[in-house]
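What follows is a short report on a single structure.
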Amino acid sequence: MAVLNEEQTMLRDMAREWVQNEQPITAFRAVRDAGTAEGYDRDAYRTVAEMGWTGVIVPEAHGGSQFGYLSAGLVMEELGRNLVASPLGATTAAAGALALGGSEAQQAAWLPRLAGGEVVGTLAVDEGPHHDPDKVEATAARDGDGYVLNGTKSFVPEGDSAHLFLVLARADGERAFFLVPGDAAAITRARRKMADGRSHAEVRFEGVRLPADAKLGGEALVDPVLDRARSLVAAEMLGMAGQAFETTVDYLKTRVQFGQPIGAFQALQHRAAKMFAEIELMRSAVEAALEAIDAGRSDLAETASLAKAVANETLNLVSREMVQLHGGVGMTDEYDAGLYLKRARVLENQWGSAGFHRDRFAKLNGY
Amino acid sequence: MASAAAIRDDQDLDSFRAEVREWLEANFPASLRGKDNAMATIEGPAQPSADELAWQRAIGEKGWGVPTWPKQYGGGGLGRAEARVLGEEMARIGAHNPIGGMGVMMFGPTLLEYGTEAQKQQHIPPICRGEIRWCQGYSEPNAGSDLAALQCRAEDRGDHFLVNGQKTWTSGGQWADWCFALVRTDTTRKHEGISFLLIDMKSPGVEVKPIRLISGQSPFAETFFTDVQVPKENLVGPLNGGWSIGKRLLQHERSSLSGGSSSTRPRGAEDRSLGELAKHYLGADAEGRVSDGELRAKIARHEMEARAFSLTLRRAALEVRGNQGPSAATSIMKNVGAKVTQDRAELAIEVMGMNGLGWEGEGFSDKELATTRQWLWGKAVSIYGGSTEIQNNIVAKRILGLPDPKPGAA
């Protein structure tokens, strides 16, 4: 665990307490089984905002606490532990983009509302089943003193409920994020029901007219925005891996077969010990990425790819082992193992597979 | 140089092949070409069409759904070589075998071995005709890998047994007509206190609750027995002698499960190779190489393992046929088969990305949705029928002769 200051310790403890007391996995199950398109509990999100977690990376001048990404990661980790269905991750990533590249007027218009929890924001990047920001074909064409946006974004997280999109598109010979309010008439959303029971949507932008300042920076901003999103999702995955592991170890201690807890079998002990080691590595990698953002370090790209690749591999292992080590009951919907497994694979795909990030890591290191 | 006897056999097989072709021509409805019922065990029996019913009746009467079972009980009475010819001819025209399920794969062979004449006359013919569905009553909540810890009681009440207790993972329990169960008939001994009992699922006191799986399907159930009366003649083998019969049946289960992927392939599932899928979802370079080099290497590694597995299946079959005795390789089939099946499913969803994680509704093809469910369902393969861990224990103990860590451990 990173060395936390007093504020961060308090924040983490608060988040942990709230998730453990108010957001057991049955809360996620209730959201899943309700089957609404928006896919989260509004009351719970209001509470998240009241506790200030929607503003952790937002500058104080715009209603946030400006604690930074390590702090935001602490909250995401705790939410991840119990699979809390919340648009906090997507909204924080969107706020991060605005805080990095938004004009003073845009920041003043949107950041307080994102920080206040009134507005759900999200990044709309990919156009196919795999994360590939180089392959973006959406275009923002110059039109008078503004732009006209055309394109289709797939599997946009919280795409059904988002009030604000940050859309990656090609414009002026480069890629850039565009600030697009969700109530524009030329936007259509199509829900995508996925295995994780959360909100995802295909979002079409058909001739959306945007002012000139809708363009946030340009090419130079693309990777920093995505690396923030990658680091945040890796933090959520860290919480999932930690809880999936602890639940599994508890089961090894309590499930009795052959007259003893199955955790007495050395073959299973070694698998638990291996997972423990992998999760420790995962924590270091994830915290390093969040700290790199806060410190403004120039090796963020490499560090974020490290974090996401390690997070993917580790959560993949832990979620697979969670099912197998639970045996038959791990296959049932009644137990939680399947919920972690399904959410794990969706997040492994979000913002880049392990292969994508290994390739990027190698490129960044010149081989 | 082929012997005269082998040549004669070949001629006999040729004439048998001709007979099979003629019979299939006359009896297999062309509308069923390429259709199979592989998912019936997972999704439950579908309402059969008129052609499906006719085909089931025809092959059931002929006994060719269970080609090697004795003719006197409704089987085909064929030798291995003839059965292989029948299989080849059916595959050639895309004819599936509608006679299946646990009765064929597990219970039938066991009853033929251990049952009384009356039990065989009663139960085998309806299995041959596909009329009766059997389910397995083995596992209990506290008796999974440690199956011999089972507690479901069958008390001797003179002319009948009185059964009380709970079974779980009753495959197809909600659709089954009969259940073959392991029950406790002596509480003072562990393995030697277990009997093999046949229970009519329509008996008063039998209650079945489907179990919802992570894949959304409910192929299994919890089965509760409350004061269920079972006639004495439904005991198979000696009283308290059920454990060895039950284990023999598990061997049938494991050998039929090691085929893995084909028996759990959902209707409408993806039948393209992983390489073809990867080209579709990820693109390829000018020379046809999958553009994601790492994924390409992973697919090749998997395909090589799958190939080595199928070569091993073939070698084991040849060794048996060559009278070299059962191959040592058979002990690894369940685990390697499970791994190959699960690796393939994980690779399929990895290749498809978010499209491989759809649950239902718009935006996904039927094949994509089937791939998600197949991936989740496949997680059971390394758990059921003796988990991977239990299989490894068996290899370590029985094949390698490694000692136990302490008395009573697996």
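The values are calculated or read from the model by the stated rules, or taken from the named source; none is laboratory data. These numbers come from a predicted model, not from an experiment. Don't worry about glycine lacking a Cβ; one is built from the backbone with ideal geometry, like all the others, and counts go over all protein chains shown. The protein model used for the area step is the full one, side chains on, heavy atoms only, and it has no ligands, DNA or RNA in it. Shrake-Rupley method; radii C 1.70, N 1.55, O 1.52, S 1.80 Å.
Here are a few things to note about the model shown:
- Odd one out for residue A:31, checked against (1) assigned to a loop (DSSP other than H, G, I, E, B); (2) among the β-branched types (Val, Ile, Thr); (3) open to solvent by less than 40 Å² (accessible area, probe 1.4 Å): (1)
- Within the range A:318-342, the residues that satisfy the criterion of being more than 9 Å from chain B (Cβ to nearest Cβ) and closer than 30 Å to residue A:303 by Cα are A:318, A:319, A:321, A:322, A:340.
- Hey, residue A:88 within 21 Å of residue A:48 (Cα to Cα) and open to solvent by less than 20 Å² (accessible area, probe 1.4 Å) or not: yes
- Count of the range A:153-170 residues which are in a strand (DSSP E or B), open to solvent by 10 Å² or more (accessible area, probe 1.4 Å) and within 14 Å of another protein chain (Cβ to nearest Cβ): 3
- Residue in the range B:310-320 that is within 28 Å of residue B:278 (Cβ to Cβ), open to solvent by 30 Å² or more (accessible area, probe 1.4 Å) and of a type in the set (Gly, Ala, Ser) present: yes
- With respect to the conditions (1) modelled with pLDDT under 95; (2) more than 19 Å from residue A:130 (Cβ to Cβ); (3) open to solvent by 20 Å² or more (accessible area, probe 1.4 Å); (4) more than 9 Å from chain A (Cβ to nearest Cβ), residue B:393 lacks only one, and its number is (4).
- Within the range B:183-214, the set of residues being surrounded by 20 or more Cβ atoms within 10 Å (Cβ to Cβ) and within 14 Å of chain A (Cβ to nearest Cβ) comprises B:211, B:213, B:214.
- Residues satisfying the stated conditions in the range B:343-369, i.e. touching an Asp or Glu at 6+ places or on another chain (Cβ under 7 Å), surrounded by 21 or more Cβ atoms within 10 Å (Cβ to Cβ) and touching a residue at least 40 places away in the same chain (Cβ under 8 Å): B:348, B:352, B:355
- Of all residues in the range A:255-264 being open to solvent by 40 Å² or more (accessible area, probe 1.4 Å) and more than 7 Å from chain B (Cβ to nearest Cβ), the one that is farthest from residue B:405 (Cα to Cα): A:255
- Residue in the range A:7-27 that is at pLDDT 95 or above and in a loop (DSSP other than H, G, I, E, B) present: yes
- Consider the range B:138-159 and keep the residues that are open to solvent by 20 Å² or more (accessible area, probe 1.4 Å) and hydroxyl-bearing (Ser, Thr, Tyr). The one that is nearest to the other protein chains (Cβ to nearest Cβ) is B:145.
- Checking A:256, A:180 one by one, the residue that is β-branched (Val, Ile, Thr), free of Cβ contacts under 8 Å to residues at least 60 places away in the same chain and in contact with a Phe, Trp or Tyr (Cβ under 9 Å, 6 or more places away or on another chain) is A:180 and no other.
- Leading residue by the ranking (farthest from the other protein chains (Cβ to nearest Cβ)) among those in the range A:343-367 that are more than 23 Å from residue A:283 (Cβ to Cβ) and not in a loop (DSSP other than H, G, I, E, B): A:363
- Residue match in the range B:42-51 (condition: surrounded by 11 or more Cβ atoms within 10 Å (Cβ to Cβ), under 20 Å from residue B:100 (Cα atoms), at pLDDT 90 or above and among the acidic types (Asp, Glu)): yes
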